[in-house]
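Structure first, commentary second.
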Amino acid sequence: MNHNALAIDGPAAAGKSTVAKLLAKRLGYIYIDTGAMYRAATYKALIQNVDLNDPNAFSFLDNTKMEFHDGELYMDNENIASKIRSHQVSNNVSLVSSHIPVRIKLVAIQQKIAKNANVVMDGRDIGTVVLPHADLKIFMTASVEERARRRHEENLLSGIESEYTRILKDIEKRDKFDSTRLYNPLRQAEDALYLDTTNLDINEVTDNIYNLFIAIINAKRSE
Ligand code: DC
């Protein structure tokens, strides 16, 4: 059976996960936060003290279970949603996610989930690599200052220690690394819709994407 898929890519803290979560809820689809999976791999590597520079040091992923329940990631049956948001994980996740063996493993899990369910998936390479046949692809961005402001607010609301200037620098560094890595970098798919949300209301953005997606799915049904 051909399941429906909505792909949202873009740089760090562009509002992807907020919009994706709202859309998944409204559509009754599964929300897959692929960034959380790269963070989880980084978190486990840090705990196991492996050499983060060595692409071959991640074979532990072969015996790692990653599953989503209600939009939250469970690794080896443990809810790790908050543990993967630390500065230490954020500072190392770009490096870990640039390793080919890590990407091959996590992309396979993502594709398997999308094969068996309707999904809203967000990340960096969803429209280009993971789900090249997604029904709708969005490339969502916002100015780096606005993205840092949003992430800072999000952290404060979740009780995570936060400093605006540090976040701004971290985001700039991560974006540069993610878009210049050799293997599957962050890039807009040719058939993706470009959306700059700097001055847009997130609820309005969600409504617009929802309406467009429903129109596409209805047209697909009547084909
Ligand atoms: O969405 P996020 O900021 O939580 O993602 C964390 C990191 O994971 C990001 O800096 C790049 C990487 N990532 C990736 O390479 N490919 C994805 N599909 C999702 C995230």
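The values are calculated or read from the model by the stated rules, or taken from the named source; none is laboratory data. Not measured: the values here are computed from a predicted model. Positions of Cβ are backbone-derived with ideal geometry, glycine not excepted, and every protein chain shown enters the neighbour counts.
Just a few scattered comments:
- The lone criterion from (1) part of a loop (DSSP other than H, G, I, E, B); (2) without any contact (Cβ under 8 Å) to a residue 24 or more places away in the chain; (3) under 18 Å from ASN92 (Cβ atoms) left unmet by SER162 is number (3).
- No other residue among LEU212, LEU186, LEU168 is surrounded by 13 or more Cβ atoms within 10 Å (Cβ to Cβ) and assigned to a loop (DSSP other than H, G, I, E, B) apart from LEU186.
- Applying the criterion of being over 14 Å from the mean Cα position of the chain (by Cα) and of a type in the set (Val, Ile, Thr) to the residues of region 91-118, the residue that is nearest to LYS169 (Cα to Cα) is VAL96.
- Listed by first and then second residue, the pairs with beta-carbon distance under 7 Å, at least 6 apart or on different chains, first residue in region 201-223 and under 18 Å from LYS25 (Cβ atoms), second in a helix (DSSP H, G or I) and among the hydrophobic types (A, V, I, L, M, F, W, C), are ILE202/VAL19; VAL205/VAL19; THR206/VAL19; THR206/LEU22; THR206/LEU23; ILE209/VAL19; ILE209/LEU23; TYR210/LEU23.
- Residue match in region 79-97 (condition: more than 10 Å from the ligand (Cβ to nearest atom), farther than 26 Å from GLU161 by Cβ and modelled with pLDDT of 95 or more): no
- The condition of being in contact (Cβ under 8 Å) with a residue 60 or more places away in the chain, hydroxyl-bearing (Ser, Thr, Tyr) and closer than 20 Å to ILE8 by Cα holds for only one of SER98, SER82, that being SER98.
- Any chance SER162 is more than 13 Å from the ligand (Cβ to nearest atom) and at negative phi: yes
- Criterion (modelled with pLDDT under 95 and among the aliphatic types (A, V, I, L, M)) met by exactly one of LEU156, LEU193, LEU131, LEU136: LEU156
- Residue list for region 108-121, filter: more than 8 Å from the ligand (Cβ to nearest atom) and either in a helix (DSSP H, G or I) or surrounded by 16 or more Cβ atoms within 10 Å (Cβ to Cβ) (or both): ALA108, ILE109, GLN111, LYS112, ILE113, ALA114, LYS115, ASN116, ASN118, VAL119, VAL120, MET121
- Residues located in region 190-209, provided they are aliphatic (A, V, I, L, M) and part of a helix (DSSP H, G or I): ILE202, VAL205, ILE209
- Residue within region 136-145 that is outside any helix (DSSP H, G or I), within 26 Å of ALA81 (Cα to Cα), basic (Lys, Arg) and in contact with a helix residue (DSSP H, G or I) (Cβ under 7 Å, 6 or more places away or on another chain) present: yes
- Residues within region 36-67 that are more than 15 Å from ARG103 (Cβ to Cβ), buried (at least 17 other Cβ atoms within 10 Å of the Cβ) and among the aromatic types (Phe, Trp, Tyr), tallied: 1
- Set SER94, SER82: member being among the hydroxyl-bearing types (Ser, Thr, Tyr), out of contact with any Pro (no Cβ under 7 Å at 6 or more places or on another chain) and crowded, with 16+ Cβ neighbours inside 10 Å: SER94
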